[in-house]
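Each value in this text was obtained by applying a stated rule to the coordinates, not by laboratory testing. The shown structure was predicted, so the numbers you read here are calculated from the model rather than taken from an experiment. Note that each Cβ is placed from the backbone with ideal geometry, even for glycine, and that neighbours are counted across all protein chains shown.
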Amino acid sequence: MVHSLGLLAAAVVNVGVPIGKGLVYGLAAIGPGIGIGFLVGKSVEAMARQPEAAGMVRTTMFLGIAFTEALALIGFVLAFIVK
Amino acid sequence: MLAALSGRAGFPAPGIDILKTPCLWGTNGALCVNRVVIYMLLAAIVTVCLFVLAFRRPSLVPRGLQNVMEAIVEFVRNGIAIEVIGPEGLAFVPLLSAIFVFVLVGNLFEVIPGIQFPVNSRTAIPVILAVLVWFVFNIVGVKKQGGLGYIKSVLFPPGVPWPIYILVTPIEFVSTFVLRPFTLFVRLSANMIAGHLILTIFFVGTGYLLGRALTIPFAVPSFALAVGLTGFEILVSVLQAYIFTILTAVYIGGAIHVEH
């Protein structure tokens, strides 16, 4: 009984930790994914409407991507911290 | 069933441990010289050599290396310094282009055959760069606006009714003095760790799939994806160097220009 309980615990840990790691990163990626999609879509719209402002829009777009992406990357780092 | 689940078998997926390499010289303490340390020194030497060799005897009509480096410096000058900071940004072109080239060289080590280790995936290098950037933009702010003026312009943005400051001031403090350098180094190192892990997983996976006759057909797409992702990593390397430099410029610009 005790032996099989120990095996069950080991199984839960061994199966649960990879699932948890995957979930941490997957959940952290949802928001930034939506955000970056929205951001780039709007930037393309702006560039198409006003091609002469394309350079400025592109710079700002990369900045926005960098800020939005940071959240997903913190989730990525967290996935390694989860033990 | 339980016994099978409690032990892991099959493909040994490479984890974060691949970033740790054994010491070549010294012990596992403060003075450990391993492969990565040599690459760090190499990245610094390559950066210095690129600048010195390109601009040692500059000719009016640039050729070869001088041409490449002039294009890079001109890109940093026009595309980043002047566009983000403005005319005052010209003073920061040497700093920005040095950061850009160093980060780029460190990132590109990931795809150079024989090295294949992005130096910036060891967090120490991005941390030092982020601390440098933190000191630079704070010192610039203090010089431009005076100590109290700088603190005031950061913590108390104008145009806000005073009760809002109870909420805004702590947020501004954390975001400017803590989160800025933190996200700066996490962005660079996490991108490089992720890229290195992805490439390692696909190349190691190709080797693993070649091991058995049954799985050899699956090794072909794995290898194709690994090669394709190598190209993608080159793009990521350049983009991350660009983003690191442009964020440095944004922080410096924010310290120079007082918000009205």
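Rounded to two decimals, what ratio of Rg to Rh does the range B:196-260 give with C-alpha atoms and a Kirkwood Rh? Mind dumping the intermediate values first?
On the way: Rg = 20.4 Å, Rh = 14.6 Å.
Reported Rg/Rh, Kirkwood definition of Rh: 1.40.
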(message) Can you give the FRET efficiency to the nearest 0.05 for B:ILE115 and B:ARG56, using r as the Cβ-Cβ distance and R₀ = 25 Å?
(response) 0.45
(request) Please turn the phi angles of the range B:77-90 into ³J(HN,Hα) values with the Karplus equation 6.51 cos²θ - 1.76 cosθ + 1.60 (θ = phi - 60°), one per residue in order, whole Hz, x for glycine and proline. (result) 5, 7, x, 10, 5, 6, 5, 8, 8, x, x, 5, x, 4
(request) Could you count how many Lys pairs in the protein assembly as shown have their Cα atoms under 20 Å apart, skipping same-chain pairs fewer than 8 positions apart? (result) 4
(message) Can you list residues from other chains, or at least 5 along the same chain, whose modelled amide H is less than 5 Å from the amide H of B:CYS23?
(response) none
(message) I'd like the Kirkwood hydrodynamic radius of the protein assembly as shown, using the inverse of the mean 1/r over distinct C-alpha pairs, in Å.
(response) 23.2
(request) Taking 7 Å along the Cα-to-C-beta vector as the label spot, tell me the B:ILE171-B:ILE128 distance in nanometres, rounded to one decimal. (result) 3.7
(request) Sketch the reach of a paramagnetic label on B:LYS152 as a point 7 Å from Cα along Cα-to-Cβ, and name the residues of the range B:229-260 whose backbone nitrogen lies under 20 Å away. (result) B:254-260
(message) So, R0 is 22 Å and r is the distance between the beta-carbons of B:GLU70 and B:ALA91; what FRET efficiency does that work out to, to 0.05?
(response) 0.70
(message) Can you compute 3J(HN,Hα) from phi for each residue in the range B:226-234, using the Karplus curve 6.51 cos²θ - 1.76 cosθ + 1.60 with θ = phi - 60°, rounded to whole Hz and x for Gly and Pro?
(response) 4, 5, x, 5, 4, x, 4, 5, 4
(request) Apply the Karplus parameterisation 6.51 cos²θ - 1.76 cosθ + 1.60, with θ equal to phi minus 60°, to every residue of the range A:27-37 and state each ³J(HN,Hα) to the nearest whole Hz, in sequence, with x for glycine and proline. (result) 5, 5, 8, 4, x, x, x, 4, x, 5, x
(message) Along the Cα→Cβ direction, 7 angstrom out, place labels at B:CYS49 and A:HIS3. What is the inter-label distance in nm?
(response) 6.3
(message) Can you give me the distance in nm between label points at A:VAL12 and B:VAL160, each placed 7 Å from the Cα along the Cα-to-Cβ direction?
(response) 4.6
(request) Please report the orientation-averaged projected area of the range B:116-260, defined via the convex hull of its C-alpha atoms, in nm². (result) 11.2
(request) Give me the percent of Cα-Cα pairs in chain B that sit more than 22 Å apart, rounded to a whole number. (result) 66
(message) Can you tell me the orientation of helix A:54-81 relative to chain A, as the angle in degrees between its alpha-carbon axis and the longest Cα principal axis, to the nearest 10?
(response) 10
(request) Would you mind pulling out the separation of the Cα centroids of the range B:150-175 and the range B:66-143, in Å? (result) 30
(message) If I take the Cα coordinates of the range A:18-81 and project them onto the principal axes, what are the three extents in Å, biggest first?
(response) 48, 15, 10
